[in-house]
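Okay, so here's the structure we're looking at.
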Amino acid sequence: MVSQTRSVSSRSYDPQAGGTRSTRGNTHNVQRNNHGSHRANGPKKNRTKKRKHLVLKWALGIFAALIVAGIGLFAYMYVTTEVPEPEAFALAEKTTVYYSDGTTEIGSYAEQNREIIDCSVLPDYVGNAIVSSEDRSFYTNKGIDLVGIARALYNNLTTGSRQGGSTITQQYAERYYLGETTSYSGKLREAFLAIKIAQQQDKSQVLCNYMNTIYLGRGAYGIQAAAKAYFNKDAKDMTLSEAAMLAGIIPAPSAWDPAVNEAQAQKRYNRVLSIMEEDGYITAKQQSEAQFPQVIEYQQSNQLEGQNGYLLTMVQNELIDTKAFSKQDLETGGYKIVTTIDKSKQDLMYSVVSPSQNGMQGVIPDGMQFGALSVNPKDGSIIALYAGDDYLTKQLNNVTQATYEVGSTMKPFALLAAVNEGVSLNTTFNGNSYRTFPGITDTVSNYGNVNLGYVNLYTATEQSSNTVYMDLQTKLGTKKIADTAREAGVENTSLDGSEPFTVLGNNGLSVEDMTRAYATLANQGNKPTLHIVASVKTPSGSDLYNAPTTAEQVFEANSVNLVTKALTGVVQRGTATEARATGHTIAGKSGTANDSRAASFIGYTPSVVTAVAMWYPDDNGSPQEIPAFGSWTGGSDYPVHLFTEYMTQALADTQNETFPTATDSGKIGGSDGTWGTGAQKSYTPSATPKTEENTQTTTPTPTETTPESGSGDGGNGDGGDAGSGENSDNGDANSDQNDSQQHSDSSQSQQQ
């Protein structure tokens with residue numbers, strides 16, 4: 001029995017051999033062989049293990065160093081971050097807008113409308129609604145929400161968005177670092193400030209300070225000001241529904257104001273109520289009974305009263321359109337905005353154009369509208385404008401938004417298109433009335449049905465012949481004329497060539513559209529970007545934005561200068577001779593709409609373009625005929641008069657500028673010889689009529705009238721002193737003036 005025991009103990013199991021070893025000796029041999037094998041491979045394995053240990057040590061060392069550095073950075077940030085006094089959080093600055101001198105103030109955006117209140121008087125649902133909307137973990141987090149931050153960081157890295165994971169405490173901290181927390185380093189500092197705030201202030205204090213600090217739109221900072229702005233009541237009197245609505249729009253209050261986007265405001269409102277019920281702040285019954293509240297009409301501040309309202313609104317719209325600023329940025333950023341508006345010229349424009357200022361109130365019919373704009377064509381800067389008397393009374397801007405039929409101020413773009421087709425301006429056309437044109441049922445006549453005879457394009461432009469320009473349209477096509485005006489700067493898409501009388505200006509366009517296009521003519525074919533903002537600076541004086549002042553070459557300079565040469569004749573001998581009183585070389589064009597429903601004049605020097613227009617909408621905004629008033633009996637003579645009054649004073653202390661010399665390299669009759677009737681013998685009539693344009697005419701009975709003295713401008717084109725009709729140095733040629741009819745300033749009502 002003992003022997004068996006020893007025999008068993010001396011055996012060992014070898015799983016690779018599939019059985020047992022019988023003796024100790026064999027076992028020893030195996031061990032020795034293994035030992036020998038170990039000795040043969042040992043050095044290589046040791047080296048491998050040592051390398052692994054070295055890498056591990058380096059990794060652990062780097063990790064430890066990072067931990068130490070992180071702790072050090074955390075300690076440094078924590079120690080150096082100071083919590084300011086609560087009042088410092090409420091110092092979000094207003095943005096101030098200045099005239100071009102950079103010192104005279106026009107107005108400001110969102111002057112701080114804040115009333116600090118004791119939050120203990122507020123119903124609990126006010127604060128709970130904000131917590132539900134902005135930070136559900138508010139009562140349990142330590143000032144930051146690591147899960148929210150990680151989620152936002154992941155979304156930013158994977159989608160390229162700029163989401164935030166800010167808690168209420170962080171948002172509160174952000175008010176102190178306004179403008180610095182868009183970067184990740186700014187957000188890190190904000191997080192440390194939030195941690196310290198959470199340690200030093202209890203949750204009720206943090207929430208109250210937040211509610212007194214947060215911007216809620218309509219210029220309102222804090223819950224009290226917001227309650228008055230939206231509901232005309234104190235915050236303590238707000239209902240659950242009102243509190244939920246305000247809480248819902250916190251992320252974008254200007255854009256989600258129910259008066260701006262009710263659908264989005266209601267969506268956010270429903271979300272807040274749902275979370276409040278889910279988190280136990282309200283009952284299901286309270287949620288179901290709540291109804292979306294009505295907000296009061298937004299009451300504009302007096303900052304927008306009078307002329308300043310138009311200027312401030314234009315500045316705001318221009319900056320928002322750049323995509324570099326939001327409305328909320330402008331209302332909270334504390335920026336310094338310098339405009340291009342010259343204070344003295346702005347005051348002059350107002351005093352000259354406004355009936356309430358120029359002595360014409362009570363003479364001009366009630367409801368008559370005027371728009372005027374003066375710009376520097378070289379850099380596109382707006383010098384002065386008249387958009388209406390009072391923004392708070394009429395918010396439709398007569399420069400940028402209102403439209404009027406531009407009449408014959410469209411003709412220069414047909415003339416430019418003809419020049420680009422190789423037509424010499426000495427080409428002669430039939431300038432008589434009662435002519436027919438392809439695709440037009442009724443005959444077309446000049447203003448007052450005058451027959452100009454055979455005239456070249458210089459004279460046709462001076463006298464604003466409808467029939468000659470209809471000849472050009474027949475050759476060019478309406479789309480070519482529209483495209484040329486669009487390329488020059490008209491942005492209104494309604495000008496597409498679909499109007500059969502495009503060349504006669506039947507399209508409704510804005511004063512800004514036409515001024516921009518004429519600025520390209522004044523700037524020798526270089527199209528500038530019109531702008532009212534010169535620069536934007538931060539509160540510390542750093543540049544945030546500078547206006548674009550370069551121009552784009554869209555037409556050849558000589559071609560445009562040739563058109564300008566023709567337009568100087570409008571002032572010297574044609575339909576706007578009163579403008580000679582400025583004492584400066586002026587090129588320009590007048591226009592009167594069909595049935596005298598609008599009248600305008602646009603004139604320019606190389607450095608200043610000024611447009612003046614008037615129209616007479618009915619109660620529904622539809623155009624109607626302008627009734628006679630004062631000495632005005634039709635045509636564009638009154639806009640010419642206003643232009644002259646303004647430009648005479650605006651240019652008083654400046655040197656006269658002449659336009660560049662232009663060479664007419666076109667061919668008489670055009671490149672194919674089919675334009676007009678070619679060149680004919682020059683003829684000077686005994687009395688050149690003061691011509692005007694009608695958009696088109698039926699066939700009235702011709703009447704003989706007597707020319708009126710005086711200057712000015714008339715219907716779908718122009719009236720004014722025509723002078724003796726002498727040829728100018730531009731080589732104008734009047735030829736056989738058949739059946740010339742002299743006429744008065746009165747315009748004939750025509751129906752398109």
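The table for this structure:
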| read-out | value |
| --- | --- |
| Derived scalar couplings ³J(HN,Hα) [the stretch 627-632; Karplus, 6.51 cos²θ - 1.76 cosθ + 1.60; whole Hz; x for Gly, Pro] | x, 5, 8, x, 8, 7 |
| R0 of 56 Å, Cβ-Cβ distance Lys323-Ala581: FRET efficiency to nearest 0.05 | 0.80 |
| Whole-angstrom Cα spans of the stretch 626-672 along principal axes, big to small | 49, 35, 11 |
| Added length on full extension, which subtracts the Cα-Cα distance from 0.36 nm per residue, Gln266 to Ala64 | 67.5 nm |
| Hits among lysines - C-alpha to C-alpha of Lys203 under 19 Å, sequence gap 8 or more where chains match | Lys142 |
| Interchain or long-range residues, amide H under 5 Å from Ser108's placed H | Val97 |
| Cα centre as origin, Lys/Arg/Asp/Glu Cβ charges: the stretch 556-663 dipole, Debye | 380 debye |
| Using distinct alpha-carbon pairs, which all enter the 1/r mean, Kirkwood radius of the stretch 255-352 in Å | 17.4 Å |
| For Tyr434, residues with placed amide H under 5 Å, excluding near neighbours | Val444, Ser445, Asn446 |
| Of Lys475/Lys527; Lys565/Lys667; Lys411/Lys479; Lys475/Lys565; Lys378/Lys479, those spanning more than 24 Å from alpha-carbon to alpha-carbon | Lys475/Lys527; Lys378/Lys479 |
| Inter-label distance, nm, simple model (7 Å from Cα along the C-beta direction), Gln357/Thr550 | 3.6 nm |
| Partner lysines for Lys267 [C-alpha distance under 23 Å; skip if fewer than 8 residues away on the same chain] | Lys228, Lys285, Lys327 |
| Carbon plus sulfur fraction of accessible area for the stretch 206-262, probe 1.4 Å, in percent | 47 percent |
| Linear extension gain, Ser204 paired with Val55, 0.36 nm per residue minus alpha-carbon span | 48.5 nm |
| Using a Förster distance of 41 Å, the FRET efficiency for Met368-Ser274 (Cβ separation, nearest 0.05) | 0.15 |
| Cβ-Cβ FRET estimate between Asp101 and Thr529, R0 fixed at 22 Å, reported to 0.05 | 0.50 |
| Out-of-range pairs (alpha-carbon distance over 29 Å; input Lys343/Lys537; Lys394/Lys480; Lys233/Lys537; Lys233/Lys323) | Lys394/Lys480; Lys233/Lys537; Lys233/Lys323 |
| Segments 666-672, 523-529 sorted - mean Cβ within 10 Å per residue, highest first | 523-529, 666-672 |
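The values are calculated or read from the model by the stated rules, or taken from the named source; none is laboratory data. Predicted, not measured: the structure shown is a model, and the values here were computed from it. Note that each Cβ is placed from the backbone with ideal geometry, even for glycine, and that neighbours are counted across all protein chains shown. Areas reflect the complete protein model, heavy atoms only, side chains present, ligands, DNA and RNA absent. Shrake-Rupley method; radii C 1.70, N 1.55, O 1.52, S 1.80 Å.
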